[in-house]
Amino acid sequence: MKTNTPNTMTDFQKAIRAGIPDTLPPPRERNPEVPHAPVRKDILDPEEKKLALRNALRYFPSEWHAELAPEFARELQQYGRIYMYRFRPEYRMVARPIDAYPAKTPEAAAIMLMIQNNLDPEVAQHPDELITYGGNGAVFQNWAQYLLTMQYLSEMTEAQTLHMYSGHPMGLFPSSPAAPRVVVTNGMMIPNYSRPDDWERFNALGVTQYGQMTAGSYMYIGSQGIVHGTTITVLNAFRRVLPEATDFAGRVFLTAGLGGMSGAQPKAGNIAGCVTVCAEVNPAAARKRHQQRWVDELLEDLDALAARTRQAIAGREVVSLAYLGNVVDVWERFADEDIPVTLGSDQTSLHNPWAGGYYPAGMSFEAANRMMAEEPEKFREKVRESLRRHVTAINRHTQKGTYFFDYGNAFLLEAYRAGADIQGADGKEFRYPSYVQDILGPLCFDFGFGPFRWVCTSGNPEDLRITDQIAREVMEAQLQDAPESIRGQLRDNIRWISRAEENALVVGSQARILYADAEGRIAIARAFNEAIADGRLQAPVVLGRDHHDVSGTDSPFRETSNIYDGSRFTADMAIHNVIGDSFRGATWVSIHNGGGVGWGEVVNGGFGLVLDGTPAAERRLANMLFFDVNNGIARRSWARNPEAMQALNREIGRSPGLSVRLPQLVDEAILNDLF
């Protein structure tokens with residue numbers, strides 16, 4: 001399937017193969033029609049700024065340096081980073097069908113497709129700055145890195161591997177057809193250099209980047225991914241507090257954030273069937289979600305919001321309301337007026353609190369942005385003050401019965417650091433749980449269920465429709481023999497995939513996500529591979545997952561927050577996951593410092609696997625997907641998580657090559673007599 005005229009396609013392919021052009025292109029301004037990253041603080045001293053310029057200029061011929069140096073210096077001074085806007089491609093940044101890409105292997109073409117999807121202005125949060133989501137989740141640090149990477153991929157053979165150092169393509173190295181085609185690392189710092197200011201400094205120097213999770217591993221599919229996870233989370237949070245309810249119409253879910261990831265919340269609330277109230281301080285983000293119909297109504301007045309929420313509660317509505325303003329004001333107003341909130345959370349980017357991830361109450365969006373750049377220490381104190389107010393208001397609601405959970409954005413951690421009243425009675429844990437502790441951990445991750453996803457590289461919606469049907473049939477068959485402990489998870493996902501098309505979740509590439517365990521992932525992938533082989537699907541399918549999964553991420557305040565054996569601050573699982581996937585058949589692998597909870601707070605990894613309908617692809621998918629899930633189940637079982645012990649025991653019983661020791665449980669009375 002082709003969507004471009006032959007001449008346009010030829011020009012596009014020539015531009016990809018060229019990499020950095022032979023002649024210096026004219027200067028280009030930032031695109032005024034897209035949102036831009038916040039100005040980063042001025043953290044480099046004069047000698048470090050010279051070093052940043054040397055690092056940027058090394059990508060280009062020396063005869064260009066005299067012209068580029070002052071331009072890059074202005075970017076550094078004006079924006080806090082060197083993005084090289086002059087080298088932003090003139091062609092449209094969009095995921096094209098796989099046969100549009102100039103490549104020697106389908107794997108390389110598929111990776112190019114995924115990279116362009118991550119940078120598509122319809123998908124990316126700040127496309128001109130190569131940031132996909134989260135305020136700083138970057139695919140590359142600058143446009144030279146993008147151009148070189150695409151050029152390398154166009155040249156790559158099946159006996160080469162491209163190694164990516166925090167956005168910089170180090171080069172193609174000889175390997176083998178069985179090796180990954182790309183190995184990605186992002187932000188892998190020496191441990192003592194993972195403080196927030198370290199990211200600011202070394203990113204400004206152009207030597208590292210924050211890859212978030214799926215941004216820097218080329219696996220983002222728009223907000224669809226988090227819509228599904230949020231739907232599951234919200235549904236099960238309501239079930240936890242309202243076990244007898246059959247629906248949640250008229251019940252309020254109050255939260256914040258309408259950005260690249262958090263913008264999924266109102267859509268998920270509608271699918272879950274509640275009243276979602278979501279505050280957002282950025283007018284562009286709020287209006288974009290309203291225009292995209294991801295949120296039903298947009299209100300800019302707090303009085304109007306309070307009245308509309310009361311109306312929705314009284315009418316038992318299912319509706320999503322966006323408030324253009326600060327969520328702290330909403331929590332306080334709703335507490336003052338006794339507007340009942342059943343569920344509460346927050347998805348502002350608090351992993352990045354000092355650089356646009358969280359905006360303090362009592363300030364306009366514009367004033368906060370100015371203070372962030374010009375008076376960073378004063379801005380930090382404003383954020384801390386706002387977090388203390390934020391928590392005080394939440395505490396008022398929870399005393400009336402609201403169930404509040406941290407949604408993995410480092411809200412509890414940063415509120416604690418700000419001195420908010422957030423500690424639990426024991427003085428060790430937080431007053432409120434992470435959603436992984438109460439919901440996703442015991443219900444999903446411990447049983448091996450996580451965010452499996454795929455992309456149809458034909459770009460044809462009919463291919464996606466076929467894969468939806470295949471996945472549904474596989475899960476319906478799996479349900480027949482499933483133990484009772486996972487039947488609910490399967491039913492929720494069958495319901496999800498049955499309604500996925502009507503929920504209009506596709507943005508950018510033709511992609512889908514659902515929560516599946518190893519058995520389900522392998523069976524679905526095998527069925528896809530067969531459909532490619534027999535011609536039902538027009539082109540290869542890329543498999544992947546969110547890093548936010550069973551095995552991919554070691555994050556003590558999120559993914560591994562329900563690990564209670566003392567190992568939740570270790571990162572062995574994520575490292576073994578990416579290494580293990582790499583030699584079991586992954587097409588590309590990635591490992592990152594940082595993610596949804598912040599730089600230095602998490603290590604996370606991901607993969608991509610291209611299915612092309614061949615027997616070799618079937619061998620790779622079975623071997624790799626099995627390990628990718630069961631690595632995490634084994635670790636969770638060894639931590640004595642009862643659900644994971646059950647899942648691992650079941651897997652050992654049906655997988656002859658798996659030999660993993662189960663923990664022996666200790667009678668607590670023995671220990672209590674000793675200490």
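Per-residue Karplus couplings for region 425-431, computed as 6.51 cos²θ - 1.76 cosθ + 1.60 with θ equal to phi - 60°, are listed in order as 5, 7, x, 10, 9, 7, 5 Hz, Gly and Pro entered as x.
Would you work out which of Ser345, Val391, Ala304 lies farthest towards the positive end of the dipole of region 282-401? Charges go on Cβ: Lys and Arg +1, Asp and Glu -1. Most positive-ward Cα: Ser345. Extending 7 Å from Cα along the Cβ direction at Glu381 and again at Leu674 yields two label points whose distance is 5.0 nm. At full extension, Arg495 and Gln469 could sit 8.2 nm farther apart than now, given 0.36 nm per residue minus the alpha carbon distance. The largest accessible area among Arg58, Arg88, Arg81 belongs to the first residue in Arg58, Arg88, Arg81, and the rest follow in falling order (1.4 Å probe, all chains).
Candidate cross-link partners of Lys41 among the aspartates and glutamates, defined by an alpha-carbon separation under 14 Å and a same-chain spacing of 8 or more, comprise Glu75, Asp197, Asp198, Glu200, Glu374, Glu375, Glu377. Taking a sphere under 14 Å around the Cβ of Gly441 and counting the other residues whose Cβ falls inside, with K and R at +1 and D and E at -1, yields a net charge of -2. Each residue of region 465-475 was assigned a 3J(HN,Hα) from its phi angle through the Karplus expression (A = 6.51, B = -1.76, C = 1.60, θ = phi - 60°), giving 4, 5, 5, 4, 5, 4, 4, 4, 5, 4, 5 Hz with x at Gly and Pro. Taking every DSSP bridge with both residues inside the chain, close to 55 percent are antiparallel. To the nearest 10, the accessible area of Asp338 is 100 Å² with a 1.4 Å probe.
Think of region 33-104 as a dipole: +1 on every Lys or Arg Cβ, -1 on every Asp or Glu Cβ, centred on the Cα centre; then among Ile98, His65, Tyr85, Ile98 lies furthest on the positive end.
Please list, or write none, the lysines whose alpha carbon is within less than 24 Å of the alpha carbon of Lys14, excluding same-chain residues fewer than 8 places away. In chain and number order, the partners are Lys2, Lys104.
Taking amide hydrogens as placed 1.01 Å from N in the peptide plane, the amide H of Gln212 sits under 5 Å from those of Ala138, each at least 5 positions away in sequence or on another chain.
For region 399-438, a simple Cβ point-charge model (Lys and Arg +1, Asp and Glu -1, everything else neutral) yields a dipole of about 80 debye relative to the Cα centre. Please give the net charge around Val474, taking every other residue with its beta carbon less than 12 angstrom from that of Val474, where Lys and Arg add +1 and Asp and Glu add -1. That sum, taken over residues with Cβ under 12 Å, equals -3.
Starting from the Cα gyration tensor of the chain, take the square roots of the eigenvalues, sort them a ≥ b ≥ c, and report rounded, prolate or oblate (rounded when a/c is under 1.5, otherwise prolate if a/b is larger than b/c, else oblate). Since a/c stays below 1.5, the shape of the chain is classed as rounded. Excluding same-chain neighbours fewer than eight residues apart, the lysines reachable from Lys288 by a Cα-Cα span under 20 Å are Lys267. Counting only Cβ charges, +1 for Lys and Arg and -1 for Asp and Glu, the dipole size of region 242-306 around its Cα centre is about 360 debye. For Ser567, Ser590, Ser498, the ranking by accessible surface with the largest value first comes to Ser498, Ser567, Ser590, using a 1.4 Å probe.
Considering helices alone, the calculated mean residue ellipticity of the chain at 222 nm is -13500 deg cm²/dmol, with DSSP H runs of length four and up weighted by -39500 (n - 2.57) and normalised per residue. Under the convention that each Lys and Arg Cβ holds +1 and each Asp and Glu Cβ holds -1, the size of the dipole of the chain around its Cα centre is about 560 debye. Taking a Cβ cut-off of under 9 Å around Arg584, the surrounding Lys, Arg, Asp and Glu residues balance to a net charge of -1, with basic ones at +1 and acidic ones at -1.
Under 5 Å from the amide H of Thr276 lie the amide H atoms of Phe253, Val319, Ser320, Leu321, each residue being 5 or more positions distant or on a separate chain, with H modelled from the backbone and absent for Pro and chain starts.
Exposure check, 1.4 Å probe, all protein chains in place: Val474 carries approximately 30 Å² of accessible surface.
The slack between Arg240 and Thr23, meaning 0.36 nm per residue of separation minus the straight C-alpha distance, is 71.9 nm.
Summarised in one figure, the compactness ratio Rg/Rh of region 298-455, Cα atoms and Kirkwood Rh, is 0.99.
With 0.36 nm allotted per residue and the present C-alpha distance subtracted, the Ala477-Val34 stretch has 155.0 nm of extension available.
Cβ-Cβ distance of Asp11 and Asn192, R₀ of 35 Å, FRET efficiency by 1/(1 + (r/R0)^6): the value works out to about 0.15.
Look at the dipole of the chain built from charges on Cβ: of Met213, Leu162, Ile115, the Cα furthest out on the positive end belongs to Leu162. Sorting 139-147, 38-46, 313-321 by average packing, meaning the other beta carbons within 10 Å per residue, from highest down gives 139-147, 313-321, 38-46.
The values are calculated or read from the model by the stated rules, or taken from the named source; none is laboratory data. Keep in mind that what you see is a predicted model, and the values were worked out from it rather than measured. Because the Cβ atoms are built from the backbone with ideal geometry, glycine has one as well, and the counts that use them run over all protein chains shown. The area values use the complete protein model at the heavy-atom level, side chains included, leaving out ligands, DNA and RNA. Shrake-Rupley method; radii C 1.70, N 1.55, O 1.52, S 1.80 Å.
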